[in-house]
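What follows is calculated from the coordinates using simple rules that are stated; it is not laboratory data. What you see is a predicted model, and the numbers here were worked out from it, not measured in a lab. Please note: Cβ atoms are built from the backbone with ideal geometry, for glycine as well, and neighbour counts cover all protein chains shown.
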Amino acid sequence: MTHLQTNSNSKSETLFTRASQHSHRVALITGNKTTSYDELTKLSDMVAKKLLSILNTEDLNESRIAYLAPPSLDHVLIQWGIWKAGGVAVPLAVSHPPAELCHALEDSDPSCVIVDSVYRGKIQEAITSDLPVIDSSELVGGNFNVDSSKTKLPSVTSGRRAMMIYTSGTTGKPKGAVVTHEILSAQITSLVEAWEWKKDDQIMLVLPLHHIHGIVNILCCALWTGASCHISPHFDPLDTWNHLSKGNLTLFMAVPTVYILLIKTWEAAEPEDRLRWSNGASALRLMVSGSAALPAAALERWKVITGQVLLERYGMTEIGMALSNPLHGDRRPGYVGVPLPRVKIRRVDEDGAELGENSTKEGELEVAGPNVFLEYWRNPTMTESSFRNGWFRTGDIAVVDRGDYRLLGRTSVDIIKTGGFKVSALEIEEVVRQHPQVADCAVVGIPDDDWGELIAVAIIKESSAKIEPSVMITWARKYLASYKIPREFRFVTKLPRNAMGKVQKKQIKLLFLDSSET
Ligand code: AMP
């Protein structure tokens, strides 16, 4: 049983019907090529018709179609083609190894997988059944024989399932989070309203297109509005800086890791490049960070370099975006702002009792509203248990101060229970990171007979820095209560991260559990 029932008669607008109204405006820019909304509509109609013809049906009727293609015009055409043919789009991550692709392919049970020829080998390795593989050039290229006058596209109402995004899987195997067209539109329109998207906006996409951030916040919001999206096949700091300094962008959205790499590249650049880049970036109307906690040092440095105060927001694959700092007005460092339009948020204590708006206690965020996903694919038990009385249980802990939310981390990995206290890993990470000889760090709890959990920190030192655990303990004591001081240390050269730059805390824990590591 799902918390929402699909309403197949729903008549609300889908992204692709709305976007087709922007006719001659430029929708996508890829390299030197521009594609108008009219062209996008025509080309994706053709992709849908070819797909129907290859699969020998008049309507995909919510069949899943998986696809593996880098961010590109072809990628968008495939996504729209699947939607227009009545299917459910299942974007796969180009960075994932065959084993992870195999899980998504087996779990989503697609009718076929569409693949860019570059990734054909990877897909072949991932496939264990006789799943049909279609080369993307067959669909988006002109040489497939289909009598388009004879093939009609099905009528796709907004209550249909539209997309299935695999979650990052921080707590188990990735699950396919399903949204309908209607839910997708709700996630988009909430952001379009809050961040005042306009037709004249131009945004650069440097994030992958298998995750909600790139798909919804950037690509879909741009196409909903009639704005233009400059698509890069992957993130490159130099290209990004050069693009930011061209003067045509109005918006930029990325994860903290992207901003940190941009800062490093800026620090290493010649003075004239720095000046050009800073001037370019300062002209944008809005720069957004999210999908992981933004370190205070990065926020500060970005402000010094570009004059921009990054707007931090909070969201999740299952709920779209939920909280955002204001477009106009003060953005408090360390806070993720207030609920977005039409998103309902409450906090509950460990027993599930709702905390009052003015409660200073920490609580788990629960979210309801038209933005919340429909279900975990073919997993009614997991779907059911992820809701409490119609509210989605995010697993994220937050406090509220004067109406603004501050995240303390995920219950599963970031809330450490030590000596009877509950401690936020994010709070400790902020303190450790402020040490001048620390480049980055990640805090985890490791099982301990006496303390329940011990606070452990993996640290990347600044190059040539010589720091001992004792130095870090002295430093932490200046800012943190004694029960929050890390007890275990590992000095590492890299933190394990996923394709979105999120630190993989389960792997960090292993560093400490394997006693041979130092
Ligand atoms: P994903 O579904 O991959 O987007 O991951 C969602 C998770 O990322 C949330 O449940 C949070 O734990 C984390 N997250 C998203 N935005 C933020 C943020 N601004 N600060 C801290 N954590 C965040």
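Hey, got the dipole for segment 226-352? About the Cα centre, +1 on K and R Cβ, -1 on D and E Cβ, debye to the nearest 20? Don't skip to the answer; put the middle values down first.
Values: 14 positive and 13 negative charges, 93 e Å.
About 440 debye.
So how do GLU357, GLU384, GLU429 line up by other beta-carbon neighbours within 10 Å, fewest first?
Result, fewest neighbours first: GLU357, GLU384, GLU429.
Below 18 Å, Cα to Cα, which aspartates and glutamates can LYS50 reach? Residues fewer than 8 away in the same chain don't count.
GLU39, GLU58, ASP59, GLU62, ASP74, ASP116, ASP135, GLU138, ASP147
Which of LEU209, LEU299, PRO71 sits farthest toward the positive end of the charge dipole of the chain, with +1 on the Cβ of Lys and Arg and -1 on the Cβ of Asp and Glu?
Checking the options against the dipole of the chain, the answer is LEU299.
Provide GLU350, GLU106 in ascending order of the number of other Cβ atoms located within 10 Å of each residue's Cβ, fewest first. Mind dumping the intermediate values first?
Numbers: GLU350 10, GLU106 14.
Fewest-to-most ranking of GLU350, GLU106: GLU350, GLU106.
Taking amide hydrogens as modeled 1.01 Å from N in the peptide plane, which residues meet the under 5 Å criterion relative to TYR67, leaving out close sequence neighbours?
Amide H to amide H, under 5 Å and 5 or more residues apart or across chains, TYR67 pairs with VAL90, LEU92, ILE114.
With +1 on each Lys and Arg Cβ and -1 on each Asp and Glu Cβ, how big is the dipole of the chain about its Cα centre, in debye rounded to the nearest 20?
Values: 56 positive and 60 negative charges, 150 e Å.
Using only the charged Cβ atoms, the result is roughly 720 debye.
Using modelled backbone amide H atoms (1.01 Å from N, in-plane), which distant-in-sequence or interchain residues come within less than 5 Å of SER36's amide H?
ALA27
Could you check the simple spin-label distance between ARG285 and ASN56, using points 7 Å along Cα→Cβ, in nm with one decimal?
Each label point lies 7 Å from its Cα, and together they span 5.1 nm.
For ALA481 and ASP401 in the same chain, what is the full-extension length gain: residue separation times 0.36 nm, less their Cα-Cα distance, in nm? All intermediate terms of the calculation are to be shown ahead of the outcome.
Values: separation 80, 0.36 × 80 = 28.80 nm, distance 2.05 nm.
Result for the pair: 26.8 nm of gain on full extension.
For segment 492-499, what does the Karplus curve 6.51 cos²θ - 1.76 cosθ + 1.60, with θ = phi - 60°, yield as ³J(HN,Hα) per residue in whole Hz, taken in order and with x for Gly and Pro?
10, 9, 8, 9, x, 10, 8, 4
In terms of modelled amide H atoms, which long-range or inter-chain residues lie less than 5 Å from the amide H of ARG388?
Close amide H contacts, sequence-distant or interchain: ARG393.
Points 7 angstrom from Cα along the Cβ direction at GLU468 and VAL348: gap in nanometres?
Calculated label separation equals 4.9 nm.
For segment 372-382, what does the Karplus curve 6.51 cos²θ - 1.76 cosθ + 1.60, with θ = phi - 60°, yield as ³J(HN,Hα) per residue in whole Hz, taken in order and with x for Gly and Pro?
For segment 372-382, the Karplus-derived couplings read 6, 4, 7, 5, 7, 4, 6, 9, x, 5, 5 Hz, x marking Gly and Pro.
How would segment 104-241 be classified by its alpha-carbon gyration tensor: rounded, prolate or oblate, with rounded meaning a/c under 1.5 and the a/b versus b/c comparison settling the rest?
On the way: a/c = 1.39, a/b = 1.27, b/c = 1.09.
It comes out rounded by the Cα gyration axes.
Taking 25 Å as R0, compute the FRET efficiency from the Cβ-Cβ separation of MET382 and ALA99 and round it to 0.05. Provide the component values of the computation, followed by the final result.
Values: r = 21 Å, r/R0 = 0.85.
Working from the Cβ atoms, E equals 0.75.
Ranked by Cβ crowding within 10 angstrom, fewest neighbours first, how are ASP130, ASP239 ordered?
Numbers: ASP130 6, ASP239 13.
Listed from fewest to most nearby Cβ atoms, that is ASP130, ASP239.
Which ³J(HN,Hα) values in Hz, rounded to whole numbers, follow from the phi angles of segment 14-20 under the Karplus curve 6.51 cos²θ - 1.76 cosθ + 1.60, where θ = phi - 60° and Gly and Pro get x?
9, 4, 6, 6, 5, 4, 5
Grab the DSSP H runs of the chain that are 4 residues or longer, score each as -39,500 (n - 2.57), total them, divide by all residues and round the 222 nm result to the nearest 500 deg cm²/dmol.
Working: 16 runs with 155 residues, N = 518.
Theoretical 222 nm ellipticity from helices: -8500 deg cm²/dmol.
List the pairs from LYS198/LYS264; LYS264/LYS502; LYS303/LYS478; LYS466/LYS509 whose alpha-carbon separation is above 20 Å, in the order I gave them.
Working: LYS198/LYS264 31 Å; LYS264/LYS502 18 Å; LYS303/LYS478 26 Å; LYS466/LYS509 23 Å.
Distance filter (> 20 Å) returns LYS198/LYS264; LYS303/LYS478; LYS466/LYS509.
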